[in-house]
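Asks: Have a look at the structure that comes next, please.
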Amino acid sequence: MNNNTATAQLNELAESKDDENQEPTFGEKMLTWRESVGLTRKELARKLNVSLTAVKNWETGHSTPKLTKYSEIAKVLSITVKEMGLDENLDLTKIGDRIKYARLLRGMSIEAFSYEFGFAIQTVKSWESHTAEVSEPSLGRISRALDIPANFFDMAINPEQVLANIA
């Protein structure tokens, strides 16, 4: 199965759920994505270095992956993190949420990001919780560190367009 098949299956699932006014759950989508690339749960677990139980729990809705796993899952399943709904709870009109989104796109925890690129953990948390201003030089460092175009952090530009150009 390919990505077009997975999209068609998800559309069918969504249509069947329309009768109940429900979107497919993350678990249902996860199952469809996994099957579309022809992987068993065990194979997916092995590729992601997680337990078989973790994959089963994701697909049955008992849990969801850590946000830092999203980019790895997306890569293995040949989808984008956007398709996984990574940005659903983020307000991309706020710079802190754009920073968080860029960090998550790279599959990094706050701790890993801070350590690897020399930012204080509390500083990154303050930016992402909108309690501290982010300087232009810091945005430049973040952009370079995460390999995200600098204009992603330009609040006058739609971040989705920037990401579409690098995907």
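The values are calculated or read from the model by the stated rules, or taken from the named source; none is laboratory data. Since we're looking at a predicted model, the values are computed, not measured. For neighbour counting, all protein chains shown are included, and Cβ atoms are generated from backbone atoms with ideal geometry for every residue, glycine included.
Asks: Of the residues that make up the range 136-143, is at least one assigned to a helix (DSSP H, G or I), polar (S, T, N, Q) and under 29 Å from Asn49 (Cα atoms)?
Replies: Yes, the conditions are met somewhere in the range 136-143.
Asks: Is it the case that the range 92-105 has a residue that's exposed (fewer than 13 other Cβ atoms within 10 Å of the Cβ), in a helix (DSSP H, G or I) and in contact with a helix residue (DSSP H, G or I) (Cβ under 9 Å, 6 or more places away or on another chain)? I'd like the intermediate steps shown before the answer.
Replies: Quick first cut of the range 92-105, residues exposed (fewer than 13 other Cβ atoms within 10 Å of the Cβ) only: 93.
Restricting the remaining residues to those that are in a helix (DSSP H, G or I) gives none.
Checked against the condition, which is being exposed (fewer than 13 other Cβ atoms within 10 Å of the Cβ), in a helix (DSSP H, G or I) and in contact with a helix residue (DSSP H, G or I) (Cβ under 9 Å, 6 or more places away or on another chain), the range 92-105 yields no hits at all.
Asks: Can you pull out every residue in the range 70-84 that is crowded, with 18+ Cβ neighbours inside 10 Å and part of a loop (DSSP other than H, G, I, E, B)?
Replies: Of everything in the range 70-84, those that are crowded, with 18+ Cβ neighbours inside 10 Å and part of a loop (DSSP other than H, G, I, E, B) turn out to be Ile79, Val81, Met84.
Asks: Can you run down the residue pairs with Cβ atoms below 6 Å, 6 or more apart or on separate chains, where the first is in the range 24-41 and buried (at least 21 other Cβ atoms within 10 Å of the Cβ) and the partner is small (Gly, Ala, Ser) and at pLDDT below 95?
Replies: Short answer, once both residue conditions are applied: Thr32/Ala6; Trp33/Ala6; Ser36/Ala6.
Asks: Please go through the range 106-124 and give me each residue that is part of a helix (DSSP H, G or I) and exposed (fewer than 15 other Cβ atoms within 10 Å of the Cβ), ordered by number.
Replies: Glu111, Ala112, Tyr115, Glu116, Ile121, Gln122, Thr123
Asks: What are the pairs with Cβ atoms under 7 angstrom where one residue, in the range 106-122, is among the polar types (S, T, N, Q) and the other, located anywhere, is surrounded by 12 or more Cβ atoms within 10 Å (Cβ to Cβ)? Sequence gap at least six, or different chains.
Replies: From residues that are among the polar types (S, T, N, Q), the pairs are Ser109/Thr68; Ser114/Ile121; Ser114/Val124.
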